[in-house]
1. Carbon-plus-sulfur fraction of the accessible area of region 130-205, 1.4 Å probe, in percent?
2. Would you mind checking which residues have amide H under 5 Å from LEU83's amide H? H placed 1.01 Å from N; only 5 or more apart, or other chain.
3. Would you work out the relative contact order for region 257-400, in percent, from Cα pairs under 8 angstrom that are 6 or more residues apart?
4. Modelling each spin label as a point 7 Å along the Cα-to-Cβ direction, I'd like the GLU56/THR93 distance in nm, to one decimal.
5. Under a point spin-label approximation (7 Å from Cα along Cα-to-Cβ), what is the ARG181-ARG325 distance to one decimal in nm?
6. Using 1/(1 + (r/R0)^6) with R0 = 41 angstrom and r between the beta carbons of GLU158 and LEU217, what's the FRET efficiency to the nearest 0.05?
7. Using the alpha-carbon centroid of each, what span in Å lies between region 293-328 and region 198-235?
8. What's log10 of I(q)/I(0) for region 142-228 at q = 0.15, 0.16, 0.22, 0.25 Å⁻¹, Debye sum over Cα points only, no solvent?
Amino acid sequence: MSVFPASAMPLSEPSSSEPSSSEPSLPETASPRPAAAPPSASPSTSRTSPSPTPPERPCVTELRLSAFAGHRGSRFPLGPLTLLAGPSGCGKTSALRAYEALARLGGGAELDEVFPDPGACVPERARPDAQHRRGFRIGCTADGPQGPVRLDLAVQAEPGLRVVGERLTAGGRVLLETALRDPGRRAVQATWYTAGSTVVTRAPLPDDRLGTALLPLRVAGKTEGQRQVLAAAEQMVVALRSVYVCQPRPARMRGPAPVGTGRLMRGCDNLAAVLWRTRTECGRRHGLLVEAVRAGCAGPVADVLAEPVGDGRVRAVLDRGDGVRTGFERLGDGELRYAALALVLLTGPGVLDVDPVGEVPAALQTLTVLCDDFGTGLDPRQRDGLLRLAARMCERGHIRLAGAVSDGEWAGAVGEAGQARVVDLVR
């Protein structure tokens with residue numbers, strides 16, 4: 001059976017018993033109407049009731065993978081600190097990859113930048129429809145001052161990469177809906193809520209970008225309906241934009257780094273350059289970093305700093321407090337990963353290589369850190385300490401973390417103490 005009807009693709013999620021299919025499409029009409037009741041949670045995830053008080057800072061509270069890579073009809077509730085748990089191959093990495101993809105699309109990136117290998121995103125057993133099309137469906141919910149706002153996206157991967165359907169809903173109303181009407185045109189037909197002299201406005205939008213991110217450029221905001229559309233779109237974009245993907249690579253963290261801008265790259269290659277900058281910027285945060293590194297590294301630690309080695313480069317070192325300085329090139333992989341993740345949790349968008357919404361004050365944004373293999377290479381003491389540090393930082397509300405771990409039992413035990421939400425993908 002194909003979910004690629006002759007016209008467009010429904011954005012509803014398939015049941016677990018539905019045969020593998022190709023790709024999703026939107027209904028024929030795009031007029032505002034109450035949103036469909038959400039499907040039940042997939043067996044591998046847990047659901048929580050929505051917060052009675054919307055958060056002040058927009059944040060993503062649910063990730064939906066209706067048909068993406070190895071996922072079918074999966075829903076992942078996301079709290080301030082969420083760990084996806086399960087063995088290799090259960091879909092942890094693909095879930096985080098889908099989250100990152102939505103974040104990049106929310107920042108205005110084009111589809112081919114976000115999905116360089118779109119065929120890998122199509123469910124393995126998906127069959128092409130009569131037009132030889134296959135694709136995938138992803139979505140999320142962002143909570144904030146406007147209440148829960150839901151985004152669902154249908155993407156055609158084959159024969160050509162393009163958006164074929166998008167829906168933005170809030171308060172039971174469809175605020176934006178797009179559908180591919182003419183496969184020969186590089187555009188989708190968009191309809192957004194107006195509630196003025198006409199109920200909706202129709203116009204074409206590009207088929208290689210997220211329509212929600214383009215709304216502020218297309219909607220005037222003259223009517224109450226238009227202002228509702230803009231507020232929902234802004235909440236979704238703000239929730240998605242401030243995402244930092246952290247993938248520490250110890251082999252590249254050992255060598256000196258050019259001073260540069262001092263913004264930490266996703267592989268933490270330039271950790272020494274960032275320490276060169278942050279050590280003098282905020283004494284309190286640096287003191288917390290030293291305390292964290294002291295707890296996770298072998299031997300005494302009096303300070304964590306960077307020192308020049310010439311040619312505009314610096315190297316990271318541990319000051320042992322007795323006149324001896326240990327270069328990071330001597331540290332083990334676990335110590336390096338631990339130090340890098342601790343630095344990420346104790347800093348913010350000004351230090352990390354992220355692209356937050358410049359028009360929105362930093363106090364109204366939440367940084368979300370995505371970290372695959374969160375506990376890889378760490379001993380039990382390091383894992384527990386890092387998770388508890390993450391819990392303390394996430395409680396403050398300015399940072400959230402979604403990570404992947406293989407040991408769900410460990411994550412659950414420590415999570416209860418550290419207020420982490422653990423989603424077991426194989427339960």
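1. Ligands and nucleic acids excluded, carbon and sulfur reach 50 percent.
2. Residues meeting the amide H criterion: GLY403, ARG421, VAL422, VAL423.
3. 23
4. Taking the two extended label points, one gets 4.0 nm.
5. 6.7
6. Efficiency, rounded to the nearest 0.05: 0.85.
7. A separation of 51 Å, based on Cα centres.
8. Log10 I(q)/I(0), no solvent term: -0.56, -0.63, -1.08, -1.29.
The values are calculated or read from the model by the stated rules, or taken from the named source; none is laboratory data. Values in this document were obtained by computation on a predicted structure and should not be read as measured data. Every residue, glycine as well, gets a Cβ built from its backbone with ideal geometry; the counts of neighbours run over all protein chains shown. Each accessible area value is taken on the protein alone, full model and side chains, heavy atoms only, with ligands, DNA and RNA left out. Shrake-Rupley method; radii C 1.70, N 1.55, O 1.52, S 1.80 Å.
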